[in-house]
Amino acid sequence: MRKTNILILISIVYILGLQTSAAEAPKRIISLSPNITQIIYALGAWDSVAGVTIYADFPPEVEDTPKVGGWVNPNMEAILTLKPDLVLLMKDQNTIFGQKLDSLGLNKYVIDSNESVNDILKSISSLGEVLDKETQANNLVKELRSGLDKITLKTQEAQKKSVLIVVGRSPGTLEDIYVIGRNNYINELITMAGGENVIENERLSIKLTKEAVLTLNPDVIIEINHDKSERETQILETWSNLKLAKAVKDNEVYILPSTVLLHPSQRILEGAKVLTEILHPDLVNASN
């Protein structure tokens with residue numbers, strides 16, 4: 001009887017040991033999306049990052065971190081070489097190449113969605129659980145909610161300004177202009193900052209002609225300079241050719257780096273603040 005009890009006790013200890021091991025935070029992580037990379041950094045788990053994509057541009061440490069290819073076409077050989085115990089990716093990426101990761105026997109975790117601000121906050125919470133950084137994640141989510149609520153409260157009585165956010169166009173011209181639609185978190189940030197997206201289309205982004213920009217005639221034009229194919233002075237010079245546009249006449253054309261708005265991470269708060277400074281500098285200055 002005593003021997004049976006000892007065997008049972010040993011079995012329980014062994015099982016608990018396996019559970020503890022399984023719950024340990026990953027030691028070698030590969031992040032396949034820039035927004036995930038930023039969240040990992042914010043949660044204080046950067047020491048575990050073994051590789052990132054070529055498009056990772058924040059934090060500065062990514063410059064010296066091994067690269068494993070692009071967002072839609074990661075280099076599987078490079079990933080295997082880094083011997084990760086966890087690969088992090090977005091749902092859309094999983095649809096494209098998730099089966100390949102599975103076939104290689106790689107452990108992966110898929111972030112469901114980042115279409116809305118709430119989605120982003122949920123992603124932060126879920127990554128906190130996976131990385132054993134739940135306390136940090138909970139604190140970060142609270143901080144972001146509080147900061148965004150303060151901005152919304154500050155601008156709720158302000159006169160709305162119509163905004164056009166440009167995310168792409170043919171360099172040196174006003175052709176093939178791609179702009180942000182309404183079905184995304186950036187549209188939410190525009191609203192929080194006291195603006196209104198001049199694009200009513202529910203798609204993530206759409207292509208416009210310069211004639212369409214004139215017809216929409218936004219109060220403010222903001223271009224995201226993500227590929228840095230043009231200097232800021234060149235961008236402003238290009239938009240100056242649209243002389244009849246209200247934003248151009250009023251000197252309300254602005255250029256932002258991609259890291260402020262395009263990556264759905266903890267930096268949404270910074271993005272909302274920057275948009276507020278552009279749209280309602282009087283409110284920002286009054287609160288300082």
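Results, tabulated for the structure shown:
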item: Flag if LEU189 is closer than 22 Å to SER116 by Cβ, in contact with a Gly (Cβ under 9 Å, 6 or more places away or on another chain) and surrounded by 16 or more Cβ atoms within 10 Å (Cβ to Cβ); result: yes
item: Subset tally (residues that are surrounded by fewer than 15 Cβ atoms within 10 Å (Cβ to Cβ) and among the small types (Gly, Ala, Ser)) for the stretch 81-112; result: 2
item: Residue within the stretch 189-200 that is over 18 Å from the mean Cα position of the chain (by Cα), touching a residue at least 40 places away in the same chain (Cβ under 8 Å) and more than 27 Å from ASP282 (Cα to Cα) present; result: no
item: Condition met for THR173 (of a type in the set (Val, Ile, Thr) and in contact with a helix residue (DSSP H, G or I) (Cβ under 6 Å, 6 or more places away or on another chain)); result: no
item: Verdict on ASP132 being outside the structural domain of ILE180 (by TED's automatic domain parsing), closer than 30 Å to LEU80 by Cα and in contact (Cβ under 8 Å) with a residue 12 or more places away in the chain; result: yes
item: Unique match (being closer than 25 Å to THR276 by Cβ and within 18 Å of the chain's Cα centre (by Cα)) among LYS150, LYS122; result: LYS122
item: Within the stretch 181-249, helices (runs of 4 or more DSSP H) holding 2 or more residues that are among the polar types (S, T, N, Q) and modelled with pLDDT under 95; result: 232-239
item: Hits in the stretch 159-188 - residues which are aliphatic (A, V, I, L, M) and touching a strand residue (DSSP E or B) at 6+ places or on another chain (Cβ under 9 Å); result: VAL163, LEU164, ILE165, VAL166, VAL167, ILE177, VAL179, ILE180, ILE186
item: Filtered residue count, the stretch 209-235, keeping only those that are farther than 21 Å from ILE190 by Cβ and not acidic (Asp, Glu); result: 7
item: The stretch 250-274 - residue that is in contact with a strand residue (DSSP E or B) (Cβ under 7 Å, 6 or more places away or on another chain) and in a helix (DSSP H, G or I) and, of those, modelled with the highest pLDDT; result: VAL274
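The values are calculated or read from the model by the stated rules, or taken from the named source; none is laboratory data. What you see is a predicted model; the values in this text were computed from it and never measured. All Cβ positions, glycine included, derive from the backbone under ideal geometry; neighbour counts span all protein chains shown.
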